[in-house]
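The next block holds one structure in the form of structure tokens; read it before the comments.
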Amino acid sequence: ARIGYAIAAGRLGYDIDAAMAMRRAMVDDASALFDVPTDALVLDQVQRLLDVYRERLRSDRSDIDALFMSAALQMILDDPALAFHAIDAAIDAGDDDPSAQRLRVFIDDELYRRFGQ
């Protein structure tokens with residue numbers, strides 16, 4: 001439910017609420033990203049929101065919330081490689097929230113599961 005709220009809040013322009021909800025969801029259970037429905041309508045909304053965060057990152061490449069959200073959204077879109085780069089950049093930029101670490105571990109585990117070492 002928090003991930004759905006995060007997506008909806010982000011699409012409505014409530015960036016702080018979106019990031020807070022997604023961070024709470026990652027602390028609770030990052031694997032819930034894979035529970036997001038994968039129908040075309042939902043994935044279109046996720047992609048549109050990701051585009052908003054990418055645009056934000058063009059003006060501020062160290063925007064930790066935009067990087068964090070990008071990583072989570074990339075996982076919903078089934079692209080753990082790009083998600084890894086985004087969460088790694090967020091942590092390098094100073095994102096020390098436990099949610100960032102939880103998401104990083106989840107992404108690492110998913111990459112290992114898919115590609116091995």
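Only one entry in 39, 65, 29, 17 is exposed (fewer than 13 other Cβ atoms within 10 Å of the Cβ) and modelled with pLDDT of 95 or more, namely 39.
Could you list all residues from segment 103-117 that are assigned to a helix (DSSP H, G or I), farther than 15 Å from residue 73 by Cα and not hydroxyl-bearing (Ser, Thr, Tyr)?
Hits for segment 103-117 are 105, 108, 109, 111, 113, 114, 115.
Picking from residues in segment 70-117 that are surrounded by fewer than 18 Cβ atoms within 10 Å (Cβ to Cβ) and polar (S, T, N, Q), the one that is nearest to residue 47 (Cα to Cα) is 101. Hey, does segment 37-55 have a residue that's small (Gly, Ala, Ser) and farther than 22 Å from residue 5 by Cα? Among the residues of segment 37-55, not one is small (Gly, Ala, Ser) and farther than 22 Å from residue 5 by Cα, which makes the answer no.
Quick check: anything in segment 7-27 over 23 Å from residue 102 (Cα atoms), touching a residue at least 24 places away in the same chain (Cβ under 8 Å) and either out of contact with any strand residue (DSSP E or B) (no Cβ under 7 Å at 6 or more places or on another chain) or not β-branched (Val, Ile, Thr) (or both)? Yes, there is a match, as at least one residue in segment 7-27 is over 23 Å from residue 102 (Cα atoms), touching a residue at least 24 places away in the same chain (Cβ under 8 Å) and either out of contact with any strand residue (DSSP E or B) (no Cβ under 7 Å at 6 or more places or on another chain) or not β-branched (Val, Ile, Thr) (or both).
Report yes if some residue within segment 12-34 is under 23 Å from residue 108 (Cα atoms), out of contact with any Pro (no Cβ under 6 Å at 6 or more places or on another chain) and not in a helix (DSSP H, G or I); otherwise report no. Within segment 12-34, none of the residues are under 23 Å from residue 108 (Cα atoms), out of contact with any Pro (no Cβ under 6 Å at 6 or more places or on another chain) and not in a helix (DSSP H, G or I).
Taking the criterion of being within 21 Å of residue 16 (Cα to Cα) and either part of a loop (DSSP other than H, G, I, E, B) or among the charged types (D, E, K, R) (or both), the residues of segment 65-102 that qualify are 65, 88, 92, 93, 94, 95, 96, 97, 102.
The values are calculated or read from the model by the stated rules, or taken from the named source; none is laboratory data. These figures come from a predicted structure and were not determined experimentally. For neighbour counting, all protein chains shown are included, and Cβ atoms are generated from backbone atoms with ideal geometry for every residue, glycine included.
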